[in-house]
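Down below is the structure, laid out as structure tokens.
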Amino acid sequence: MNNIAYALVYVFSYLLSLLPYRILYVISDVIIYPLIYHVAHYRRHVVRRNLRNSFPDKSEKELRKIEVKFYHYLCDYFLETIKLLSVSKSELMRRMTMEGFEELERSAEKTGFAFILLGHYCNWEYITSLQLWVSPDVKCAQIYAPLRSKVYDRLFLKIRSRFGNANIKKNESIREIIHLRHDNQKTIVGFISDQGPRWVNIHLFVPFLHQDTPVFTGTERIAKKLGASIFIAHHTRPKRGYYHCTYTKLTDTPADFAPNEITRIYMHDLEKQIQAEPYLWLWTHDRWKRQRTSPRAPEQWKATIVDGHPISDTPIETR
């Protein structure tokens with residue numbers, strides 16, 4: 001049954017992807033946006049809460065303007081991603097330009113791995129075209145969390161691997177990266193680093209968009225273990241349908257940084273990107289659903305709260 005469902009979804013998506021960008025944007029504006037925003041109210045309560053808490057100084061009118069722009073962009077993102085099923089390499093490289101990829105490649109050659117920290121900002125799926133910009137001798141890969149729908153998970157894996165990228169499951173990332181090291185494969189790995197971690201994976205809270213925010217520190221810890229170079233992706237959208245990504249090196253020697261310092265630097269950098277163009281971030285994600293004040297929070301995190309205020313950003317061991 002899943003194979004039949006996948007075949008139907010794939011054929012429909014592929015045929016849709018054959019349409020020119022200008023037609024896709026008409027579909028985005030005239031059909032998908034009204035359905036998602038005005039009819040389905042897709043996660044609108046989450047978006048409004050996130051925007052209100054992230055920008056307490058903005059008026060309701062300003063927040064609503066960001067909200068509408070975000071939903072328009074979300075519809076564009078979906079269709080642009082489907083377009084990856086058939087878009088030519090030359091057209092994609094014209095629409096997704098990159099800067100600093102030469103340094104990425106040099107660092108991968110030097111240290112064995114170059115890790116890219118990026119968020120759900122702009123069309124992050126287009127960054128999978130990085131393999132088109134670097135030497136075939138350097139493998140590009142991304143860490144991903146499987147989607148709940150097996151049909152759409154299969155479709156997105158096909159989209160993300162079309163240009164030669166490897167897809168590494170989040171739960172298998174350490175094992176797969178170590179295999180690449182044993183094979184002496186020079187690799188560039190992208191880590192989406194703004195997801196909401198489960199309690200078992202929360203080792204740090206940081207101030208982010210005016211909120212106490214749990215973050216992953218796994219990328220930093222793996223990088224230090226392997227001696228991998230670390231880069232930050234700065235993603236912009238000059239105009240509709242066009243993107244530019246600049247890869248900025250943070251370090252070739254992550255062990256020189258204090259614990260959690262790299263994670264803090266990245267989250268601060270991402271915050272500045274979001275504040276510059278708020279509508280380009282994925283506001284439908286319930287990023288702050290786990291708080292250390294929650295009744296379900298582990299005792300180690302509850303112990304970091306005194307009089308309702310955090311006294312530590314790392315867990316306090318309790319017995």
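Tabulated data for the structure shown
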read-out	value
Condition check for Gly218: open to solvent by 10 Å² or more (accessible area, probe 1.4 Å), more than 19 Å from the chain's Cα centre (by Cα) and under 23 Å from Ser173 (Cα atoms)	no
Conditions (1) in contact (Cβ under 8 Å) with a residue 24 or more places away in the chain; (2) of a type outside the set (Asp, Glu); (3) closer than 26 Å to Asn171 by Cβ: number failed by Leu147	(1)
Neighbours by Cβ (under 9 Å, 6+ apart or cross-chain): first from segment 231-249, at positive phi; second open to solvent by less than 60 Å² (accessible area, probe 1.4 Å) and outside any strand (DSSP E or B)	Gly241/Tyr21; Gly241/Leu24; Gly241/Tyr25; Gly241/Asp76; Gly241/Glu80; Gly241/Arg95
Number of positions in segment 271-293 that are modelled with pLDDT of 95 or more and of a type in the set (Val, Ile, Thr)	2
Close pairs from segment 49-70: first modelled with pLDDT of 95 or more, partner open to solvent by 50 Å² or more (accessible area, probe 1.4 Å) and of a type in the set (Lys, Arg), Cβ under 7 Å, at least 6 apart	Leu63/Arg52; Glu67/Arg48
Matching residues, segment 76-91, being under 18 Å from Leu19 (Cβ atoms) and touching a residue at least 60 places away in the same chain (Cβ under 8 Å)	Asp76, Leu79, Glu80, Thr81, Ile82, Lys83, Leu84, Leu85, Ser86, Val87
Members of segment 146-194 that are among the polar types (S, T, N, Q) and in contact with a Phe, Trp or Tyr (Cβ under 7 Å, 6 or more places away or on another chain)	Asn167, Thr187, Ser193
Tally, over segment 260-319, of residues that are over 15 Å from the mean Cα position of the chain (by Cα), of a type in the set (A, V, I, L, M), open to solvent by less than 40 Å² (accessible area, probe 1.4 Å) and under 28 Å from Tyr121 (Cα atoms)	1
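Matching residues to (1) in a helix (DSSP H, G or I); (2) of a type in the set (S, T, N, Q); (3) out of contact with any strand residue (DSSP E or B) (no Cβ under 6 Å at 6 or more places or on another chain); (4) without any contact (Cβ under 8 Å) to a residue 24 or more places away in the chain:
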| residue | (1), (2), (3), (4) |
| --- | --- |
| Glu102 | yes, no, yes, yes |
| Ile116 | no, no, no, no |
| Val134 | no, no, yes, no |
| Leu155 | yes, no, yes, no |
| Ser173 | yes, yes, no, no |
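The values are calculated or read from the model by the stated rules, or taken from the named source; none is laboratory data. Being a predicted model, the structure only gives us computed values, none of them experimental. Don't worry about glycine lacking a Cβ; one is built from the backbone with ideal geometry, like all the others, and counts go over all protein chains shown. Heads up: the accessible areas ignore ligands, DNA and RNA and are worked out on the full protein's heavy atoms, side chains in. Shrake-Rupley method; radii C 1.70, N 1.55, O 1.52, S 1.80 Å.
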